[in-house]
1. What are the ³J(HN,Hα) couplings of region 83-98, residue after residue, when phi is run through the Karplus curve with 6.51, -1.76, 1.60 and θ = phi - 60°? Round to Hz, x for glycine and proline.
2. Using θ = phi - 60° and the Karplus form 6.51 cos²θ - 1.76 cosθ + 1.60, what ³J(HN,Hα) does each residue of region 192-208 get, whole Hz, x for Gly and Pro?
3. If we count other beta carbons within 10 Å of each Cβ, what is the order of Leu220, Leu196, Leu130, fewest first?
4. How much length is gained on full extension from Ala30 to Gln88, taking 0.36 nm per residue of separation minus their Cα-Cα distance?
5. Suppose we look only past 30 Å in the calculated P(r) of region 7-226. What percent of the Cα-Cα pairs does that tail hold?
6. Can you sort Ser117, Ser43, Ser209 from fewest to most other Cβ atoms within 10 Å of each residue's own Cβ?
7. Sorted from fewest to most neighbouring beta carbons within 10 Å, what does the list Arg217, Arg41 look like?
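Laboratory data are not the source of any read-out in this text; all were calculated from the coordinates shown. Please read these numbers as outputs of a predicted model, since none were measured by experiment. Reconstructed Cβ throughout: ideal geometry from the backbone, glycine too, with neighbour counts over all protein chains shown.
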Amino acid sequence: MSSVNELRILLVGASGLTGRSVLRLLLADARVKEVHTPLRRPSSIDHPKLHAHRWQEQPPRWDHLPETPFDAVICCLGTTLKKAGTRQAFQTIDRDAVLELGAWTKNREVRRILVISSSGANPHSANFYLRTKGEMEEGLRSLGIPSTTILRPGLLLGNREELRPAERLGQWALPLLSPVLRGPLLGWQGTPVETLARLMVERMFDPRSGIQIIENREILENEIKRN
């Protein structure tokens, strides 16, 4: 990595629920010099560290990204089956586009990538969503990026423009169950996006190499320790 106060980060998915939180943290962090992010719409954020690059392709292509020597790539890319319209379109974003970004990261010799997956991800799962996330993870691990961090949150909880029914229920019910779920069921509790974002930024500075899988239990326990 570059020296302190000179880090250049590529953030993909900055307009999404978690991506917005990650972006705020990166811009506020004195160790980060530049944050580059591809966006389909102009950013409403005006900040000297932020370098927004217009991105019109759908599905996304990474060959138009700047030649900046990045220190890390943070991927918050993701959609829903409802928004994608078809299973194939969903896989194009949540699996294929992430793997293409991983290949780009490897080819550009960026040493660190952090990616959001899902609790329960498994390439052999009977569940389509979890199988797609598992296939993404499997492909990412095979790329041989020096440091790969995969985070597996539970149901993401936050102020989303279009709150999904399951998330609406989770935001109401899960906080009431927290004292119980902090025991053996902690890994199945919903994950506040701010909690996930904080850990992603923390792990961006982690010097460890290899593949790190962070389960939802660890994500939530890290926040408990902070408090």
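1. 5, 5, x, 9, 5, 4, 5, 4, 5, 4, 8, 6, 10, 5, 5, 5
2. Ordered by residue, 3J(HN,Hα) equals x, 4, 5, 5, 4, 4, 4, 5, 4, 5, 4, 5, 4, 9, 6, x, 5 Hz.
3. Ascending Cβ contact count within 10 Å gives the list Leu130, Leu220, Leu196.
4. 16.8 nm is the gain from fully extending Ala30 to Gln88.
5. Cα-Cα pairs in region 7-226 separated by more than 30 Å: 19 percent.
6. Result, fewest neighbours first: Ser209, Ser43, Ser117.
7. Arg41, Arg217
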